[in-house]
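So the structure is just underneath, and the comments pick up after that.
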């Protein structure tokens, strides 16, 4: 179960080796040969349903495997970093389009240069899967990406693509830079993109093709073709076609590749009221159920909440249902930038996208585009990744490990959240975001949280003010019997902190009590301008994000941050 979670160069990927599997997890070792502590640990995992199918996608199987392998950088959800904070927090955007997308406009350097100017450290260029892109686009964009890496050495520019997931929505797929990045992406797109599959495929065949595509990416890493490959599901609720079982199947297909989803979609400018803006829906979340939609989703699925996707914004909803299983599944935000609000350019004249796989370079028009739905990368949303260095590998490792918090409108400056044994005052202790703290039953634990509050204007030229921080806790109850489950009955807001006006920092220590049942926690914060009880009721989430109004949803007047979870499990 531990194999496949780490892709360090000196590490064997022989699935049969089994050397990195702790005894308690190795079902080839009989109970009689285990130490008493391993017997009890195996019993816990077995009772929770976390030994056997699906356990490889569970955090409960991963941390000890990483430790047993003695790896310097695990790709499992384990902690790291010894200084306060312990990481370089690198802000990025994994969903950006260029002139190589059929609905795009800008050059790679335009998007990357703006992203850098607006404070990003890393970007992923993700042009659309299509006939033209699959045939020539992957090759055509690469020289522009190589040139951008030279021109902007202080920005990490990944090459990726936006995958038309067979039977589902879109996803960001990207790989570590290297001599095979084009070959791997091109083979992946030509083989597994929904646009390239037979129209006669059944839904089951397409779902299988999606799983095969994720496994293909993991295999390219194991064969050392590329040093890493990641998958993040984009705008998962927009059309209601990413069913819960598909998400679970993607994660299970290869947990080192399929790591999460957009917690909030791009296209956030689309909600700005007319005539100053498009007057549409934030994220273009203005759809209704179709024949392809998952029938179990409520109508609220198809709208954004405080700019975030319903799967993420609903306490006790789909994201929590995955976390309650022990599934490491992370959330991100990005721009999904195609054509940007208030820009004054258009596609170059004489463009023939189908023939050339790209539009001609943009030209200045002098006309301000108030109807565009997008912001430049870094202008509004950012995904902050705890990295051990400024490098492509460190960003991918940090994403894979879930050391990630996200915000809109630069709501906060920095965030350091950890869980530690209660009273452990040693500096640099505690398990960070994405991590797993193992303690004996009955041990008291606590959350420590430090947030540097914003003191600089954001790109809309005001200083955001954090009003409230919520601590959300849910029990780890093990794999669900029905893979289309999308609720988690134990998840709820357990504590809220009001932020003092004029404060420069929020420092909190919150007692999590003595460990009785395994649990996870996650954090959320807001400027407090638009709130309402969550979908599961006020007793679960009294002041959650508000359902965004189509036609009148100013993104700057409704700012939130979210963190990824930390688990606390018995030894």
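The values are calculated or read from the model by the stated rules, or taken from the named source; none is laboratory data. What you see is a predicted model, and the numbers here were worked out from it, not measured in a lab. Here the Cβ positions follow ideal geometry from the backbone for every residue, glycine too, while neighbour counts run over all protein chains shown.
Some points to look at:
- Filtered by the rule that a residue be touching a helix residue (DSSP H, G or I) at 6+ places or on another chain (Cβ under 6 Å) and either under 13 Å from residue 335 (Cβ atoms) or modelled with pLDDT under 95 (or both), the range 104-121 gives a lone residue, 112.
- Scanning the range 511-526 turns up one or more residues that are over 24 Å from the mean Cα position of the chain (by Cα), part of a loop (DSSP other than H, G, I, E, B) and in contact (Cβ under 8 Å) with a residue 60 or more places away in the chain.
- Residues located in the range 91-128, provided they are part of a helix (DSSP H, G or I) and buried (at least 24 other Cβ atoms within 10 Å of the Cβ): 108, 111, 112, 115
- Unique residue being in contact with a helix residue (DSSP H, G or I) (Cβ under 9 Å, 6 or more places away or on another chain) and either in a strand (DSSP E or B) or surrounded by 18 or more Cβ atoms within 10 Å (Cβ to Cβ) (or both) when the list is 147, 167: 167
- Any hit, the range 352-365, residues being farther than 25 Å from residue 136 by Cβ, surrounded by fewer than 24 Cβ atoms within 10 Å (Cβ to Cβ) and assigned by TED's automatic domain parsing to the domain that holds residue 101: yes
- Residue within the range 219-232 that is surrounded by fewer than 20 Cβ atoms within 10 Å (Cβ to Cβ) and closer than 22 Å to residue 321 by Cβ present: no
- Hits in the range 237-277 (condition: part of a loop (DSSP other than H, G, I, E, B) and under 17 Å from residue 562 (Cα atoms)): 263, 264, 265, 266
- Whichever residue in the range 334-346 is in a loop (DSSP other than H, G, I, E, B) and touching a helix residue (DSSP H, G or I) at 6+ places or on another chain (Cβ under 9 Å) and, among such residues, is nearest to residue 279 (Cα to Cα): 341
- Residue check for residue 434: assigned by TED's automatic domain parsing to the domain that holds residue 473, crowded, with 21+ Cβ neighbours inside 10 Å and in contact with a helix residue (DSSP H, G or I) (Cβ under 9 Å, 6 or more places away or on another chain): yes
- Filter pass, residue 285 being surrounded by 16 or more Cβ atoms within 10 Å (Cβ to Cβ) and within 28 Å of residue 560 (Cα to Cα): yes
- Residue in the range 274-289 that is assigned by TED's automatic domain parsing to the domain that holds residue 370, over 11 Å from residue 548 (Cα atoms) and without any contact (Cβ under 8 Å) to a residue 24 or more places away in the chain present: yes
- Check on residue 381, over 19 Å from residue 105 (Cα atoms) and in contact with a helix residue (DSSP H, G or I) (Cβ under 8 Å, 6 or more places away or on another chain): yes
- Of everything listed in (1) at pLDDT 95 or above; (2) touching a strand residue (DSSP E or B) at 6+ places or on another chain (Cβ under 6 Å); (3) more than 16 Å from residue 308 (Cα to Cα), the single unmet condition for residue 492 is (2).
- Single condition residue 225 does not satisfy, out of (1) over 17 Å from the mean Cα position of the chain (by Cα); (2) under 18 Å from residue 336 (Cα atoms); (3) part of a loop (DSSP other than H, G, I, E, B): (2)
- Within the range 290-314, considering residues that are surrounded by 24 or more Cβ atoms within 10 Å (Cβ to Cβ) and in a loop (DSSP other than H, G, I, E, B), the one nearest to the chain's Cα centre (by Cα): 309
- For the range 524-571, the candidate set comprises residues that are closer than 25 Å to residue 374 by Cβ and in contact with a helix residue (DSSP H, G or I) (Cβ under 6 Å, 6 or more places away or on another chain); within that set, the residue that is surrounded by the fewest Cβ atoms within 10 Å (Cβ to Cβ) is 529.
- Number of residues in the range 469-510 that are crowded, with 18+ Cβ neighbours inside 10 Å, touching a helix residue (DSSP H, G or I) at 6+ places or on another chain (Cβ under 9 Å) and in a loop (DSSP other than H, G, I, E, B) equals 9.
- Residue, farthest from residue 507 (Cα to Cα), within the range 393-414, restricted to residues that are surrounded by fewer than 24 Cβ atoms within 10 Å (Cβ to Cβ) and in contact with a strand residue (DSSP E or B) (Cβ under 6 Å, 6 or more places away or on another chain): 394
- Enumeration of residues in the range 358-388 that are under 30 Å from residue 402 (Cβ atoms) and assigned to a strand (DSSP E or B): 374, 381, 382, 383, 384, 385, 386, 387
- When each of 556, 560 is tested for being touching a strand residue (DSSP E or B) at 6+ places or on another chain (Cβ under 6 Å) and not assigned by TED's automatic domain parsing to the domain that holds residue 314, the lone residue that passes is 560.
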